[in-house]
Structures are given as structure tokens and as C-alpha cells.
Amino acid sequence: MEKRYGLNRTQLKIIAIISMVIDHFAWGFVDFYSPLGQVLHVMGRFTVPIMCFFIAEGFRKTSNLKAYIYRMITFAIVSVIPFYIFFHEEYGYRQNIIFDLLLGLLMLTVLENKRLKKPLKVILTVLLFVVSVTVGGWIVTPSLFILAFYYGRTFREKAIWFCIADLATVAFLVVSIILNNHYHFMRYEWVWWDKFYLLGFMLALPLLYFYNGEKGKNVFGMRYFFYLFYPVHFLILSLLRSVFEGTAVLYDYYLGMHVVALMVIIAIFFRSAGRESSKGQSAVLIFELSGMIYVVGFIMEILANTPEGVFFACIVQYFGEMVIFITATYFASILCNIKIPTFVYLAQAVFSIIVMHTLIHTRETGLFYTHVGVNFTGPFARPDLGHGVMFYGVVVYVMLFSLGITTMCIRRYRKTSAHGRRRIKFLFYSLLLCWLPYTLTLSGITGGYEVPAIGIAGAAICMYLCLMKYGFFDSVALAGSNALNHGREGILVFDIDYHVGYSNKKMQKILGVIPENEDVRNHPILHDILNGEKSMMEIDNKTYDFVVEPLMEGKDVLGHMLWAIDNTVHYESLAQIRQLALRDPLTGLYNRNQFQRLVNSELSGKADGTFFMVDFDNFKDVNDNYGHQAGDNVLMAFAKILSDYTDSVMYASRIGGDEFCGYIRGVSDEKTLEGMFGDIIEAFASKLESMNLKDLTSLSIGALRIPDWDEKEFQKIYAAADKVLYKVKNSGKNNYMIR
């Protein structure tokens, strides 16, 4: 493929993140109203237009819109805390730019959804605009940019609407600032020219003009580098600012580390939610959800500086931890393909309830903690807990749980396949990561401070990778279903009573969703197929062959499987072959053989009609003076005149070169024929004039009325018409003669 010059997607995104870093550096370290601040903020305006442009492009080209939306939701959530850490009170409750881009993506999804009725589209779009106005960081501007880039038919049109949106936004803000200086309805005290730097958005248009449509290489081989860069660069800039300002303390890093771990778990949760529904997915989602609860409890513990705060944090932690153990057992059973008795889960649930009850009432009983306090002797406050009997009971429970899971995995590891062993390794990795932070704490490396969130985040990542890389852990039926959904053929399974049992995504796309247990004989399309009346159908401009096969168990028929095979290309190829066999490739008229067959059919039926021949006068002058391409254009122009007459009126053919023949069906009246031939000659002259070839060539037509001719054989009629044509040529050309 020829390489296209210009900027590819990766290069434009790199420009966008450089611009973004410049802009955010200015927000963090440079006075906004200084000349340098203004210059840096203008340089930072490339980011939003480029991101909006690729949201529009992504919506147009994505093959999985649902996954695209999930991805945007995930990174919008992941970016919330890093965004607030950097901007503090600057944005209040408003959200980051990925949230704004998500709103624009949702608007396109609503507007382009053909299933939604127009009033509902209007309501949903207005609601999204309201959300953008009340919560969005940029207040509808990114959404307007996205709509301009998507609905603009040409780049010029996209740019015009983009500039209108930008100018309107700045004008609205200027008027709002001026009014605010008098009426004080906003908490910001800006000067009237404060937002002029937003006009810098238009500087991105020349870069987008040179976009060559190519993807480019992933940066560092990372598919989601640009999404990840956004929250990470906020954390780095925040750290640098705290260092320069001298406000960075160990407490900030300790808290930040656990917040980042929580964001990672949330991101993994949304990625897991976007996978195919299965038992394995459910286990991973519950583990990640309980892991979130546990980490939130630990963050609450870090923030707490009173015994009451520490106690409540412990309750949240242990609730999450107890659910983690039950979920991990379920996950391990699916992973190792071993059925764990129901009483094991019941025993875990009962023990978890006892633990939570004992913990909640430990201040009265002292069974879990003998005392709950806060230790202020270190760099910052940490819990001071006295361990009771039930606490050590939990320790024993954890040890037995770990031993049981390890034994089960080792036994299964010896018997399973290489694929299964790789899956079991992920479970070991998850367990090791969960307990590693406690090992570090006992070793004294962390100075007595616990870091369990790191292990939970690592375990969540391992489980997600196992979910994504080594299947969904369900039965062979699910694996088969997954394979069938990725096949090219539509598949529908129904039982012996014709009730639907399964249909893959391809079949649902062809026929629409058919509810399970519905009688397929009631379906308007399937009814004819099952009755044997049809085996091929055209649906949505595609041609499908349908095949019904019995599903056997021994000699018994359990049901049937219906295959829908897309043979559109095959039938189109057959049509093209048939076309080539019957038609002249240049003009599309019938070739000589087919024309002769059609005329013979007319003659055998003793039907009335007129046979005529056409020859171009001085056609050689066209080829010699204007080239053969011009000659071909003249031939095609004349063929178009003949093809305007349908087969019910005339069969038309190109015999070869500039010689054409026709058969007018059911007409031999001389006045009618004179009118037709006169119209043909006049129409051809008009065509030549429009092609700047006026008077360069013309038509000679010789016609033979069939009723006046006794010998009704094609060759003899052809020869007789040729003689009539010869007389026209000799009598001055550009005329017709009827005999």
C-alpha cells in the first residue's frame, strides 16, 4: 500500500499530550495572568480539539461501541481523584475532560441509534447537555466540537462549525463574566478577557487538516497509553508541586498509594464488566467489588485520627475481607474445575456472620479487639489494636483457607492440561500478592505500616488477566457458544417441538432476536424455510442459503440446527458471469449471441416486429482525432439511448465495433417507426453536442419490417437489413430507411 504523507493518529495524540502537559504545568506553576502563563495556556489548546476529533472518528470506525463506552467510563472514573488532587478547589465538583468526552460519545450514540424515536432522542440529548452544564469541566464545549467533527461532511464544513462553536463559547463566557462583575452570581471573579485564550482551540485545525487517516504505532507498545497518561501525569505534577512548595510528607505518599490502588481496582472492575457474561466473570467482579470495599476501609483507617473512626474502618475492612474469602473459594473452584460442596460456602458464610457480629460488639465483649485506639508516636497516626480470641480465630481461618486452596490447586495441577496449569498459576499469583503485603509488614520493611491495598490490586489484575487470556472458566458449552458467536455463519438451535434453544449473534443480526422457547414455525421467514418452500433468501441486501440439520443422539433426533450461510459474494459472482455471457462488456447491451436467441424466439412465435441495423458515419474520424477513449464514450452514449427502451419495447445489441442492431417488438407501422428512428437520430445528435463532438459522426439506420418478409430466419433477415443500411449509406448518410 502506498504510504500517505501527513500526521497519523499516534503523532496527533502525542502532540495532544505534549500540549496538555504544557497547559497543566502552567496551571500548577505559572501565574495565569502573566504573559508567560497566557502563552502556555494558548499552547495548551491543541489537546481538546484533537481528542474530540478522535472521539468522532472512533465512533464512526469502532467495531464494538459498548466496549468503547466502557473504556471511557473506566478511565473517567480512574481520573477523578488524580484530577482533584491536582486542581484542588479550582473545579469544585466538576469532572475531568475524559468525562466530557464520554458525554459527547453518549450524545452520538443517542443521535445515531435508529431504534430510538425522535422525541426520546431529543430528551436524552438535552439531559446529556444538562449534565455537561452542571457537572462537566468544559460545559458543553467538547460535545459541540465532537458533533461538529462528526456531522461535518467535508473538513471545511467541520472546521466552520468547530470555529462557530468556539467563538460562541468564548462570547458566552465574556458576556457572563461582565454580568457577573455586576451581579455576582458566580463564585469566580474573572476579568472580561479571561477566556480569550480559548480561541487557541482553532490552532489545532491545521494539524487535523493534515491527518492522513493512518493509525500509527502504539506508544511503548501500550494500547491505552494515552488514557493512562492522563491520570498519571496529574499525580506526577501534584508530587512535583508538593516537593517544590515543601508540603510533601510521608502521609501524602502513603494515602496516595492506596488511592491509586483503589483506582486500579475500579478500572479493572469496569474492564471485567465489559467481558462476556459467565461464572468466571461473576467471580472476578465480586472479588473486585469486595476488594474495593476492603481498600476503602483501609483508606478510612489512614484518614481516621480517633478510636471511633478506626473502629468503623475496621468493620468496613473485615466485611470486604470476609466476602473476598468466599469469592476466592468460588473462583478457585471454577478455575480448577472442581465442584466444592455447598456446605463449605455455608460454613464460610456462617463464620463470616459470626466474625462481623463479634467485631461490631467487641467494645462490650472484647472478643475481637481488647481495645481500639490510635497511636500517634510515628510519622502519622495509625491504629492501636489489642487482639482478642476471635481475631486469632480469623488468622486460623485464613491459614486453613490458604492451605485448602493450595492443596486443591496442587492436586488439580498434576492432572490438568498445560492450558489449565497456566490458569492455576494465576490463582497462585493472586494468593501470593494478597499475602505479600502482610509479609512485608511483619519483616519491618514498611516500619509497621500496612500496605494491603497493593496486594488486593495485584490480585485483581491477575484475576482479570486470567479472565481475559485463558477463557471464562465456564463449561464446554460456554466455550462452544463463544466460538459460535465468532463464526461467520448464523446458527439457530431448536428442539424437536420447534422451540428455540440457542441463537448466535450472527443469526440474531440476520433475523433479529428470537426469544428462547418461541416456536420457530411462527417466524415469518423461518416458516417457509422449515416447510421446505425456500432455501435461499435475500435479507438486507445479502443473500443467504439456509440449511437444516438434525441433532442426533444415537438414533434419536433431539432437535435441529439451522445454518444461515452468507453466499452473497457467490451469487454476485454468478450474476457477473451471467452478465458477461449475455451482455457486451462496453455498452451493457445484449451481445450478438444473446440477441440472436431473443430475435429467433420472436420469429418462431410469428410475432409482429421490425429488425433494424445501425452504423456510425465517419466513426474513424472520432478515433483518429480524439482517441479511442472518446470513441468508446460515443458508443456508450448511443447505447444509453437504446437501453432507455425496455425489453418490452425493444431488444438492442452491439454486434461489434460501431455496428448495432435492434428488434422492435410488435411494431411495424411505418409512421410509428419513423417517429422512433427520428427520435433516436435526434437524441444522438444532442449527445454529441454535449460531448463537444457536434457533426463529427452521425447514424445510418436500415430497418426491415418482419410482416413484409417471408423468410423469417435471423441470418437472412440480418443480410436483408444490411442491404437496406447500405442504401442509406450511399444516399447521403445520417438518415434511416424502412423496407
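Here are the numbers:
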quantity	calculated
Under-5 Å amide H pairs with Met650, H placed in peptide plane, nonlocal only	Arg665
Fully extended contour minus Cα-Cα distance, from Thr406 to Ser601, at 0.36 nm per residue	61.6 nm
Calculated from backbone phi, Karplus (6.51, -1.76, 1.60) coupling profile of the range 168-174 in Hz, x at Gly/Pro	5, 4, 5, 4, 4, 5, 4
Lys pairs under 24 Å by Cα in the range 624-739, provided they are eight or more residues apart or on distinct chains	20
Calculated FRET value between Val344 and Gln508, using beta carbons and R₀ = 35 Å, to 0.05	0.35
Options (1) 54, 30, 23; (2) 47, 29, 25; (3) 75, 40, 20 - which one matches semi-axes √(5λ) of the Cα gyration tensor in Å as calculated here	(3)
Equivalent ellipsoid semi-axes - Cα gyration tensor, the range 103-227, angstrom	29, 22, 16
For peptides 450-460, 381-391, 532-542, 51-61, sequence by mean Cβ density within 10 Å, most packed first	450-460, 51-61, 381-391, 532-542
Burial order of peptide ranges 115-121, 610-616 (average beta-carbon count within 10 Å, highest first)	610-616, 115-121
Inter-site label distance for Thr10 and Lys729 at 7 Å from Cα along Cβ, in nm	6.7 nm
Cα shape, the range 249-474, gyration tensor, a/c 1.5 rule	prolate
Charge sum, other residues only, whose C-beta stays under 11 Å from Tyr590's C-beta, Lys/Arg counted +1 and Asp/Glu -1	+2
Sequence ranges 73-82, 35-44, ranked by mean other-Cβ count within 10 angstrom, highest first	73-82, 35-44
Value at 222 nm in deg cm²/dmol, rounded to 500, when DSSP H runs of n ≥ 4 in the chain each add -39,500 (n - 2.57)	-20500 deg cm²/dmol
Full-stretch length increase - Tyr438, Leu367 - with 0.36 nm per residue and alpha-carbon distance subtracted	23.3 nm
Segment Val135-Gln715, extension gain: residue separation times 0.36 nm, minus the distance between their alpha carbons	200.4 nm
Paramagnetic reach from Asp632 in the range 578-608 [backbone N under 20 Å; point 7 Å along Cα→Cβ]	579-592
Shape of the range 323-395, Cα gyration tensor, a/c cut at 1.5	oblate
Tensor-based shape of the range 12-124 (alpha-carbon gyration tensor, a/c under 1.5 rounded, otherwise prolate or oblate)	prolate
Rounded to 5, percent antiparallel among DSSP beta bridges of the chain	90 percent
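The numbers here are math on the coordinates, done by the rules we state, and not lab data. If you're wondering where the values come from, they're calculated on a predicted model, not measured in any experiment. Note that we place each Cβ from the backbone using ideal geometry, even for glycine, and neighbour counts take in every protein chain shown.
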